[in-house]
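The values are calculated or read from the model by the stated rules, or taken from the named source; none is laboratory data. Computed from a predicted structure; not experimentally measured. Note that we place each Cβ from the backbone using ideal geometry, even for glycine, and neighbour counts take in every protein chain shown. For the accessible areas, the whole protein counts, side chains as well, though only heavy atoms, and no ligand, DNA or RNA atoms are used. Shrake-Rupley method; radii C 1.70, N 1.55, O 1.52, S 1.80 Å.
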Amino acid sequence: MRQQSFGRGGAEVPVIGQGTWYIDRGHRGEAVAALRRGIALGMTHIDTAEMYGDAELVIAEAIEGLRENLFLVSKVLPSNASRRGTITACERSLKRLKTDHLDCYLLHWRGSYPLEETVAAFEALKGAGKIRSWGVSNFDADDLDELLGVAGEGAIACNQVLYHLKERAIEHAVIPWCERHGVAVVAYSPFGHNDFPLPRSEEGKVLARIADAHKATPRQVALAFLTRDRSVFAIPKASNAEHAAENAAAGDLVLTAGEIAALDKAFPRGPKPRSLPML
Ligand code: NAP
């Protein structure tokens, strides 16, 4: 599994990690097994959020005895992101995850609390050893500019944003911004949540052709395409162990320039939307 630095000067983190939204909805034992299989195959970056129901509890079960090898991320809801609320939300997540620290803690999306308050709380949590780094999610380039004004260069570890073959809006301004400022980009919903290209569609056939050439699968090709830039990580969610294994193997797949060009044509970037798309 390829690893790369999580932002400038950040920890080495595997390029493919594991999402956990809705992982608490199906069979608990299968979800735990899927996460453990993913970890064993190198997907040690685990993404969760206080918003994801009981996902933090499922993770706690899956990571028992494995904590020190993981890069564990959770998120505070904007409605809790005051100076005091961020700290208590983090403490709740730590308790649910049965751990004493997070590797990165994110503001889930921008809300009404001033960024100064949330950043002050993040820095206090960092000082207390409860988080190792912090970042944001669903921030467009202008939000990032504002955040940079509050936090300063080098403080923001990552920006987690919607990115899949059919939704490439972040390529216009967000990825370039993050690369300029040494901020990791984390691609969420890399399979479009539940909108992966159908095999019989024209685009699906392009994916299948490239996959066949590598003895890989269309989903592995999609993950390799999304993580073709060194600043980008992806966090597919799988509650099925076979799915997790398939996703982990994408961490070693490298596409040729010709294949990237073919995918770029089949799944065009499109014009820059007025606001950043999010789920
Ligand atoms: P996703 O990862 O794009 O897709 C998940 C779906 O793909 C599930 O139905 C899963 O099925 C299926 N799947 C996964 N691997 C597969 C494989 N190899 N073959 C066939 N099917 C496969 O969707 P997502 O959950 O929306 O996004 C991923 C993660 O990003 C989330 O879980 C969450 O951690 C994060 N996220 C963050 C935000 C944010 O605002 N920051 C928003 C959305 C998501 P099974 O479960 O049955 O395996």
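Enumerate the amide H contacts of ALA184 below 5 Å, restricted to partners 5 or more residues apart or on another chain; note that Pro and chain-start residues carry no placed amide H.
So ALA184 has HN proximity to GLY7, ARG8, CYS158, ASN159.
For the chain, build the convex hull from the C-alpha positions and give me its volume per residue in Å³.
Details: hull volume 32.5 nm³, N = 279.
Cα convex hull per residue, to the nearest whole number: 116 Å³.
In region 3-266, what percentage of the DSSP-assigned beta bridges are antiparallel, given to the nearest 5? Don't skip to the end; give the middle numbers.
Working: 4 of 28 bridges.
Just about 15 percent of them are antiparallel.
Kindly write out, for region 161-178 in residue order, the coupling ³J(HN,Hα) from the Karplus curve 6.51 cos²θ - 1.76 cosθ + 1.60 (θ = phi - 60°), rounded to whole Hz, with x marking Gly and Pro.
Running phi through 6.51 cos²θ - 1.76 cosθ + 1.60 with θ = phi - 60° gives 9, 5, 7, 8, 4, 8, 9, 10, 4, 5, 5, 5, 10, 6, 4, x, 4, 4 Hz.
Please give the peptides 68-76, 262-270, 12-20 ranked by average Cβ packing (other Cβ atoms within 10 Å per residue), highest first, as a rough proxy for protection. Walk me through the numbers before you get to the answer.
On the way: 68-76: 22.2, 262-270: 14.9, 12-20: 24.1.
Highest mean packing first, the order is 12-20, 68-76, 262-270.
Taking 4 °C and 1.567 mPa s as the conditions, I'd like the Stokes-Einstein D for region 143-203 in µm²/s, using the Kirkwood hydrodynamic radius from alpha carbon pairs.
Working: Rh = 13.0 Å.
After rounding, the answer is 100 µm²/s.
Nearest 500 deg cm²/dmol is fine: what mean residue ellipticity at 222 nm does the chain get from its DSSP H runs of n ≥ 4 alone, each adding -39,500 (n - 2.57), divided by its residue count?
Numbers: 10 runs with 107 residues, N = 279.
Only helices count here, giving -11500 deg cm²/dmol.
Toward the positive end of the charge dipole of the chain, about the Cα centre and with charges on Cβ (Lys, Arg +1; Asp, Glu -1), which of THR44, SER189, ALA244 goes farthest?
So the residue furthest toward the plus end is ALA244.
Go through region 94-101 residue by residue and turn each phi into a ³J(HN,Hα) via Karplus (6.51, -1.76, 1.60, θ = phi - 60°); whole Hz please, and just put x for glycine and proline.
Going residue by residue, I get 4, 5, 5, 7, 6, 9, 9, 7 Hz, with x marking Gly and Pro.
Most fluctuating residue of ALA257, ALA248, ALA40 in a GNM of the chain with Cα springs under 10 Å: which is it?
ALA257
With r defined as the distance between the Cβ atoms of SER112 and SER201 and R0 fixed at 51 Å, what FRET efficiency is calculated, to the nearest 0.05?
Approximately 0.80, to the nearest 0.05.
State in Å² the accessible area per residue of the chain; use a 1.4 Å probe, count heavy atoms of protein chains only, and round to the nearest integer. Numbers along the way, then the final one.
Details: 12090 Å² over 279 residues.
Result: 43 Å² of accessible area for each residue.
Å³ per residue of the Cα convex hull, for region 160-244? Write out the running numbers ahead of the final one.
Working: hull volume 8.6 nm³, N = 85.
Given the Cα convex hull of region 160-244, per-residue volume reads 101 Å³.
Once amide H atoms are built 1.01 Å from N in the peptide plane, which residues 5 or more positions from LEU107, or in another chain, come under 5 Å H to H?
It is VAL76, GLY135, VAL136, SER137, by chain and number.
Can you compute the FRET efficiency between ARG83 and LEU148 using 1/(1 + (r/R0)^6), with r the Cβ-Cβ distance and R0 = 25 Å? Round to the nearest 0.05.
Plugging the Cβ-Cβ distance into 1/(1 + (r/R0)^6) gives 0.80.
By the scheme Lys and Arg +1, Asp and Glu -1, what is the net charge of all other residues having a beta-carbon under 12 Å from that of ARG25? Don't skip to the end; give the middle numbers.
Working: positive: ARG28, LYS237; negative: ASP24, GLU30, ASP54.
In short, -1.
How long are the semi-axes of the ellipsoid equivalent to region 53-186, from square roots of 5 times the Cα gyration tensor eigenvalues, in whole Å, largest first?
On the way: eigenvalues 118, 65, 36 Å².
Each semi-axis is √(5λ); the values are 24, 18, 13 Å.
Return the sequence-ordered ³J(HN,Hα) values of region 148-158 in whole Hz as given by the Karplus equation 6.51 cos²θ - 1.76 cosθ + 1.60 applied to θ = phi - 60°, using x for Gly and Pro.
4, x, 7, 9, x, 4, x, 8, 8, 7, 7
Could you list which residues have their amide H under 5 Å from that of GLN18, counting only those 5 or more apart in sequence or on another chain, with H placed in the peptide plane?
HIS45, ILE46, ASP47
Among all lysine pairs in the chain that are eight or more places apart or on different chains, how many have alpha carbons less than 28 angstrom apart?
28
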